[in-house]
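K.L.:
The structure's right below; bear with me while I get my questions together.
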Amino acid sequence: MREMYFVEAINEAMIEEMRRDPAVFILGEDIRYGHGGGIFGATKGMLEEFGEERVIDTPLSELAISGSAAGAAYMGMRPIAEIMFADFMSICHDLIVNGASKFRWASDGKAGCPVVYRAAFGAGVGATLHHSQSPEAWLMNAPGLTIVMPSTPYDAKGLLKSAIRYDDPVIFLEHKLLYRRLKGEVPEEEYLIPIRKADVKRAGTDVTVGATGAMVHQALEAAKILEEREGLSLEVVDPRTLLPLDEDTILDSVRKTGRVVIVHEAPVTGGFGAEVAAVIAEKAIEYLNGPILRVGAPWCSVPANRNLERDFYLPTAEKIIQAVKDVIRYGGEL
Amino acid sequence: MEKEKLQSLYYEMVLVRRLEEKSANLYQQGRIGGFLHLYIGQEAVGSGVIAARQAKDRVITAYRDHGVAISCGMEPKVVFAELLGKETGCSKGRGGSMHLADVKLNFWGGHAIVGAHLPLAAGMALADKYRGSDAATLCMFGDGATNIGYFHEALNLSMVWKLPVLWVCENNQYGMGTSVERASAVSEIRQKASCYGMPSERVDGMDVLQVYNATQKALEHVRKEGPFLLEALTYRYRGHSMGDPERYRAIDEIEKWRKDDPIGIFREKLLADLGFSELTLDEEELRAENVIEEAVQFAEASPDPASETLFDYLYVE
């Protein structure tokens, strides 16, 4: 099968959807000319194919971007708003949590808000405190909202196409470290991946590792090492849609393994992992042979120092391995 | 304006006044929860602006939305049912006073975060421009909203993209209890349009015909050229909301503005210059009173929504 970079999969998904549906258009900062199609190249070639009417450069004006995208979606358009860095989601926050996500409910189902807010998130490139964050937990407590975070080019393409066709607002978070470092198989023929469906990235029997975004790859690395070194069998579950959560896939895995480690890149406190841990505790505690452990960033902001960012701030395969060993030690022999 | 339309405009303004008086009453009896922001004193703005719109034009406003909802065609019984949180309200008792909406009337709501609906209006206008429609979006907001970032980003964007949006500032001279002079670097709000090279006009917001004529002219510009800022100078007789003790303004200031009552001014004009009889206008007043009485009875007799309906339409599926 052909392979492509993560960012190329994003690009292809948008191009296919814009060819399919004239109501789809994209707006954002520097998406026409900057670096040949957005600062990460996600909109490359789109201006040439779809013209200025459908590939719309905006001022650096996140209130206007997030609000006008939502307003156009109220009218039945299907805008894709590119929020250059996910950290800037904080500026859009009101229009997302008080506007877009509440509109279907407040209009008693008479209208919806089919908008996609795409944003590059995540640390690991030395971009520090305003260009490196993972904002999913900021947005988790908003009924009506859907948050998607793909980990592979295959998932990114199939999920983005589904998000664009989705009738409710979707926050689509793309890890910037994966854009041009991760290549993966993407079939030529069209496919969709359903929203709200988790994926078991590696089947196993001893410990469930739930991981999101770029952390899926750290979890897979940890699983490989532990299998080779210790003969342990880790099951890696990628929720893909963080909100609303596919609880069944996660609980099925937990009931099988009885041991859980949750990994995400945002700080542990108040993070996505806390929600997952609560769901497991509420619905499957009798299956657990040890504490639910979380691996995430420490309670500080993303530092400029590259060594500190890589080794201290970011979760790594080594940290995941340690957590897995702790869970097993607590629960006694396998 | 033809006679029939003048008469129905008068009826509508009286209807809004009676509706608001009755709402205040119900609120004082503790039958409406939350906050209640009355439109009394500002009727000429909503009625004048909406009278100039075509059915295809979209309307979006802030939380002081009862009058605008009525002008857009929402029935008083639906308004009262929503205020009382009943199943027969426009959003089945979910939104309440500040979130009246009915997209079938092209009325896109009542929004209660100050200024946040301005970028939404820009997007609504963008959608019409994108589709090649000549519909305009009428976005109404208070003077207080012009001090928040949303206003400036939305006006700038609308001008950069030449969007068909009419910005209507209802300058009632107070943002909650803070006067426009104390809150805004310029108290004549229309001046703010000049920062964006946007044409603007300030009209007497107590004169419904002036508001109507100015809106018509502005809408012509909006359809052909792009955005326009219309400022209507008005005054709300009641506090910001029902809980407002109004310690920030003098009684004689309120009395002075009451003399310029928009309904009184319009009535005088209808009688003196436009050939209406006292009898005709009195009949319209009586009709409005009856409609309000029946509307309240309808709302009170309506059932509460079932709790499980709160999960309806949270998501599409």
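K.L.:
Considering only residues that are more than 14 Å from every other protein chain (Cβ to nearest Cβ) and β-branched (V, I, T), which ones fall in segment B:150-182? Spell out the reasoning first.
P.N.:
First, pick out the residues of segment B:150-182 that are more than 14 Å from every other protein chain (Cβ to nearest Cβ): B:166, B:168-182.
B:V168, B:T178, B:V180 - these are the residues of segment B:150-182 that are more than 14 Å from every other protein chain (Cβ to nearest Cβ) and β-branched (V, I, T).
K.L.:
Residue by residue through segment B:97-115, note down the ones that are within 8 Å of chain A (Cβ to nearest Cβ) and open to solvent by less than 10 Å² (accessible area, probe 1.4 Å).
P.N.:
B:G109 - this is the single residue of segment B:97-115 that is within 8 Å of chain A (Cβ to nearest Cβ) and open to solvent by less than 10 Å² (accessible area, probe 1.4 Å).
K.L.:
Of the conditions (1) under 17 Å from B:H240 (Cα atoms); (2) open to solvent by less than 10 Å² (accessible area, probe 1.4 Å), B:R64 clears all except one; give me its number.
P.N.:
(2)
K.L.:
Spot the failing condition for A:G51; the list is (1) within 10 Å of another protein chain (Cβ to nearest Cβ); (2) open to solvent by 10 Å² or more (accessible area, probe 1.4 Å), and only one is missed.
P.N.:
Going through (1) within 10 Å of another protein chain (Cβ to nearest Cβ); (2) open to solvent by 10 Å² or more (accessible area, probe 1.4 Å) one by one, A:G51 breaks only (1).
K.L.:
Moving to a separate point now. Looking at A:E8 and the list (1) within 14 Å of chain B (Cβ to nearest Cβ); (2) part of a helix (DSSP H, G or I), which single condition is not satisfied?
P.N.:
(1)
K.L.:
Quick test for you: out of B:P245, B:P303, pick the one residue that is without any contact (Cβ under 8 Å) to a residue 60 or more places away in the chain, away from every other protein chain (no Cβ under 14 Å) and not in a helix (DSSP H, G or I).
P.N.:
That would be B:P245, the only listed residue that is without any contact (Cβ under 8 Å) to a residue 60 or more places away in the chain, away from every other protein chain (no Cβ under 14 Å) and not in a helix (DSSP H, G or I).
K.L.:
Further, regarding this structure: On the given criteria, is B:A154 open to solvent by 10 Å² or more (accessible area, probe 1.4 Å) and either of a type in the set (A, V, I, L, M, F, W, C) or in a strand (DSSP E or B) (or both)?
P.N.:
Taking the combined requirement at face value, the residue does not satisfy it.
K.L.:
State whether the residues of segment B:70-87 include one that is within 22 Å of B:R223 (Cα to Cα), open to solvent by 30 Å² or more (accessible area, probe 1.4 Å) and more than 10 Å from every other protein chain (Cβ to nearest Cβ).
P.N.:
The answer is no; no qualifying residue exists.
K.L.:
For residues that are facing chain B (nearest Cβ under 8 Å) and of a type in the set (F, W, Y), tally how many sit in segment A:73-86.
P.N.:
Looking only at that region, the number is 1.
K.L.:
If a residue has to be without any contact (Cβ under 8 Å) to a residue 12 or more places away in the chain and of a type outside the set (K, R) to count, how many in segment B:159-186 make the cut? Show your work before the answer.
P.N.:
Within segment B:159-186, the subset without any contact (Cβ under 8 Å) to a residue 12 or more places away in the chain is B:160, B:181-182, B:185-186.
Among the residues that remain, those that are also of a type outside the set (K, R) are: B:160, B:181, B:185-186.
So the answer is 4.
Quick grid of which residues meet (1) within 14 Å of chain B (Cβ to nearest Cβ); (2) touching a residue at least 60 places away in the same chain (Cβ under 8 Å); (3) farther than 28 Å from A:G38 by Cα; (4) not acidic (D, E):
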site	(1), (2), (3), (4)
A:P169	yes, yes, no, yes
A:Y191	no, no, no, yes
A:D206	no, yes, yes, no
A:L226	no, yes, yes, yes
A:G231	no, no, yes, yes
A:E235	no, no, yes, no
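K.L.:
Same structure again: Against the definition (in a loop (DSSP other than H, G, I, E, B), within 13 Å of another protein chain (Cβ to nearest Cβ) and over 22 Å from B:R223 (Cβ atoms)), how does B:I189 come out, yes or no? Give the derivation first.
P.N.:
Working: in a loop (DSSP other than H, G, I, E, B): yes; within 13 Å of another protein chain (Cβ to nearest Cβ): no; over 22 Å from B:R223 (Cβ atoms): yes.
No, not satisfied.
K.L.:
Moving on. Collect the residues in segment B:116-139 that are at the interface with another protein chain (Cβ under 9 Å from one of its Cβ atoms), of a type in the set (A, V, I, L, M, F, W, C) and in contact (Cβ under 8 Å) with a residue 40 or more places away in the chain, keeping them in residue-number order.
P.N.:
Result: B:L118, B:L120, B:A121, B:A122, B:M124, B:A125.
K.L.:
Filter segment B:262-317 down to the residues that are farther than 20 Å from B:I70 by Cα, touching a Lys or Arg at 6+ places or on another chain (Cβ under 6 Å) and open to solvent by 50 Å² or more (accessible area, probe 1.4 Å) and list them by number.
P.N.:
Correct list: B:Y313 only.
K.L.:
Condition first: part of a strand (DSSP E or B) and either in contact with a Pro (Cβ under 9 Å, 6 or more places away or on another chain) or surrounded by fewer than 20 Cβ atoms within 10 Å (Cβ to Cβ) (or both). Now tell me which residues in segment A:183-214 satisfy that.
P.N.:
Hits for segment A:183-214 are A:K183, A:G184, A:E185, A:D199, A:V200, A:R202, A:G210, A:A211.
K.L.:
Right, something else. Between A:A70, A:A64, A:A13, which is away from chain B (no Cβ under 13 Å), in a helix (DSSP H, G or I) and either touching a helix residue (DSSP H, G or I) at 6+ places or on another chain (Cβ under 9 Å) or open to solvent by 10 Å² or more (accessible area, probe 1.4 Å) (or both)?
P.N.:
A:A13
K.L.:
Hey, can you tell me all the residues within segment A:287-318 that are touching a residue at least 60 places away in the same chain (Cβ under 8 Å) and among the basic types (K, R)?
P.N.:
A:R306, A:R310 - these are the residues of segment A:287-318 that are touching a residue at least 60 places away in the same chain (Cβ under 8 Å) and among the basic types (K, R).
K.L.:
So B:G226 fits all but one of (1) assigned to a helix (DSSP H, G or I); (2) in contact (Cβ under 8 Å) with a residue 24 or more places away in the chain; what number is the exception?
P.N.:
Evaluating B:G226 over (1) assigned to a helix (DSSP H, G or I); (2) in contact (Cβ under 8 Å) with a residue 24 or more places away in the chain leaves (1) as the failure.
K.L.:
How many residues does segment A:134-167 hold that are within 11 Å of chain B (Cβ to nearest Cβ) and in contact with a His (Cβ under 8 Å, 6 or more places away or on another chain)?
P.N.:
Going through segment A:134-167 one residue at a time, the tally reaches 0.
K.L.:
Name, by its number, the condition in (1) in contact (Cβ under 8 Å) with a residue 60 or more places away in the chain; (2) touching an Asp or Glu at 6+ places or on another chain (Cβ under 8 Å) that does not hold for A:G112.
P.N.:
Every condition holds for A:G112 apart from (1).
K.L.:
Given the structure, is A:I83 hydrophobic (A, V, I, L, M, F, W, C) and either surrounded by fewer than 24 Cβ atoms within 10 Å (Cβ to Cβ) or part of a loop (DSSP other than H, G, I, E, B) (or both)?
P.N.:
So A:I83 fails the test.
K.L.:
Here's another thing I want to ask about it. Among the residues of segment B:140-149, count how many are at the interface with chain A (Cβ under 8 Å from one of its Cβ atoms) and touching a strand residue (DSSP E or B) at 6+ places or on another chain (Cβ under 9 Å).
P.N.:
Number of matching residues: 0.
The values are calculated or read from the model by the stated rules, or taken from the named source; none is laboratory data. Predicted model, so just to flag it, every value in this text is computed and none were measured. Here the Cβ is made from the backbone with ideal geometry for all residues, glycine too, and neighbour counts use every protein chain on show. These area figures cover heavy atoms from the full protein model, side chains too; ligands, DNA and RNA do not enter into them. Shrake-Rupley method; radii C 1.70, N 1.55, O 1.52, S 1.80 Å.
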